[in-house]
Amino acid sequence: MKSMSFQASLAAALMLAAAWLVSPVSAQTQTQPAAPAQATAQPAAASPAPAPAAAPAVAAPAAKADTAAIAPAMKELSPWVMFMSADVIVKAVMIGLAFASLMTWTVLIAKSIELSVASGKLRSALKKISEARSLAEAQMALGAKQGILPSFLAAALREARMSAGLSSDAGIKERAASSFSEIVRAEARRIRVGMGVLATIGSTSPFVGLFGTVWGIMNSFIGISKSQTTNLAVVAPGIAEALLATAIGLVAAIPAVIIYNHFSRMTKSYLELVSRASGAAARLLSRDLDRSHGSAHSRAAE
């Protein structure tokens with residue numbers, strides 16, 4: 001009995017010793033993972049400290065995102081794109097200036113053809129009557145053609161016929177000269193048709209374009225105040241659209257002034273030919289009057 005109790009007590013003592021020896025190892029194994037957790041907790045607690053240094057790095061992309069949201073997407077600033085993006089009033093100004101430029105080139109083509117044809121016909125008519133001795137011969141040389149020179153000849157013949165029986169040749173020539181002056185003035189008015197359009201376009205187009213520019217820049221500044229940014233990508237397109245109106249105004253005005261001066265010289269040359277035709281008709285009338293008086297004196301002498 002004593003041996004069995006001793007064995008039992010010995011076994012219990014061995015178990016207690018084994019438990020005592022094992023307990024520090026288990027406790028050590030349990031306390032070792034806590035250190036890394038604490039170590040990880042310390043950086044976690046210390047992580048807010050460098051937060052201010054990282055704040056600019058986060059704020060910079062945010063600022064870039066805001067700028068990208070405010071600034072419009074970059075687009076090609078071609079004349080057509082600027083025209084389509086312009087304000088309604090600026091667009092109307094551009095269309096009006098483009099129409100004025102079209103009128104300028106139309107007048108150029110039409111007046112060039114008109115003046116060339118009229119000058120050619122008048123020179124040819126003057127050459128045909130250069131050898132004529134009377135108004136009747138001059139009319140026969142010209143035939144049934146219409147023009148300024150046949151008008152002079154018809155006016156001279158009409159005045160001579162209506163003044164038949166009058167003895168004053170000076171009165172006939174004076175009345176014929178008055179008729180010639182009316183024909184010259186009418187021809188000058190006819191040949192200058194379209195010149196006023198060129199003068200108006202040349203003098204007003206720059207100011208109309210400037211009005212469109214001022215209106216467009218005003219709208220650009222209003223857009224800047226609304227967007228609250230002075231970014232060049234926001235300002236540049238509106239100002240470029242406004243300046244396009246001035247450019248179109250100059251494109252319409254400069255050719256109009258040049259073409260007007262060109263036609264002024266051509267018109268002056270043509271009116272000089274008209275004056276030559278008037279003088280030719282007056283000389284033929286004077287010859288007819290002198291010839292009629294000479295024949296009357298010869299009959300009286302007989």
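Which numbered condition in (1) surrounded by 14 or more Cβ atoms within 10 Å (Cβ to Cβ); (2) within 30 Å of VAL208 (Cα to Cα); (3) among the polar types (S, T, N, Q) is the only one that THR106 fails? Going through (1) surrounded by 14 or more Cβ atoms within 10 Å (Cβ to Cβ); (2) within 30 Å of VAL208 (Cα to Cα); (3) among the polar types (S, T, N, Q) one by one, THR106 breaks only (1).
Condition check: surrounded by fewer than 19 Cβ atoms within 10 Å (Cβ to Cβ) and either in contact with a strand residue (DSSP E or B) (Cβ under 6 Å, 6 or more places away or on another chain) or under 23 Å from SER269 (Cβ atoms) (or both). Does MET162 satisfy that?
Taking the combined requirement at face value, the residue does not satisfy it.
Per-residue answers, yes or no, for (1) within 21 Å of VAL93 (Cα to Cα); (2) surrounded by 13 or more Cβ atoms within 10 Å (Cβ to Cβ); (3) in contact with a His (Cβ under 8 Å, 6 or more places away or on another chain):
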| site | (1), (2), (3) |
| --- | --- |
| SER179 | no, yes, no |
| ARG185 | no, no, no |
| ALA188 | no, yes, no |
| ILE191 | no, yes, no |
| ALA199 | yes, yes, no |
| GLY202 | yes, yes, no |
| PRO206 | yes, yes, no |
| ILE217 | yes, yes, no |
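Yes/no matrix, rows are residues, columns are (1) in contact with a Pro (Cβ under 8 Å, 6 or more places away or on another chain); (2) surrounded by fewer than 11 Cβ atoms within 10 Å (Cβ to Cβ); (3) modelled with pLDDT of 75 or more; (4) of a type in the set (Phe, Trp, Tyr):
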{"position": "PRO33", "(1), (2), (3), (4)": "no, yes, no, no"}
{"position": "GLN42", "(1), (2), (3), (4)": "no, yes, no, no"}
{"position": "ALA55", "(1), (2), (3), (4)": "no, yes, no, no"}
{"position": "ALA71", "(1), (2), (3), (4)": "no, no, no, no"}
{"position": "GLU76", "(1), (2), (3), (4)": "no, yes, no, no"}
{"position": "ASP87", "(1), (2), (3), (4)": "no, no, yes, no"}
{"position": "VAL90", "(1), (2), (3), (4)": "no, no, yes, no"}
{"position": "GLU114", "(1), (2), (3), (4)": "no, no, yes, no"}
{"position": "VAL117", "(1), (2), (3), (4)": "no, yes, yes, no"}
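When the criteria are applied in full, GLU241 meets the requirement of being under 22 Å from the mean Cα position of the chain (by Cα), crowded, with 18+ Cβ neighbours inside 10 Å and among the charged types (D, E, K, R).
Among the residues of segment 76-104, count how many are touching a residue at least 12 places away in the same chain (Cβ under 8 Å), in contact with a Phe, Trp or Tyr (Cβ under 8 Å, 6 or more places away or on another chain) and part of a helix (DSSP H, G or I). Step through it out loud before you land on a result.
Pass one, segment 76-104, residues touching a residue at least 12 places away in the same chain (Cβ under 8 Å): 77, 79, 82-83, 85-87, 89-90, 93-94, 96-98, 100-101, 103-104.
So of that shortlist, the ones also in contact with a Phe, Trp or Tyr (Cβ under 8 Å, 6 or more places away or on another chain) come out as 87, 89-90, 93-94.
This time we only want the ones that are part of a helix (DSSP H, G or I), so: 89-90, 93-94.
Total meeting the criteria: 4.
The values are calculated or read from the model by the stated rules, or taken from the named source; none is laboratory data. Source: prediction; values computed, not measured. Backbone-built Cβ (ideal geometry, glycine too); neighbour counts: all protein chains shown.
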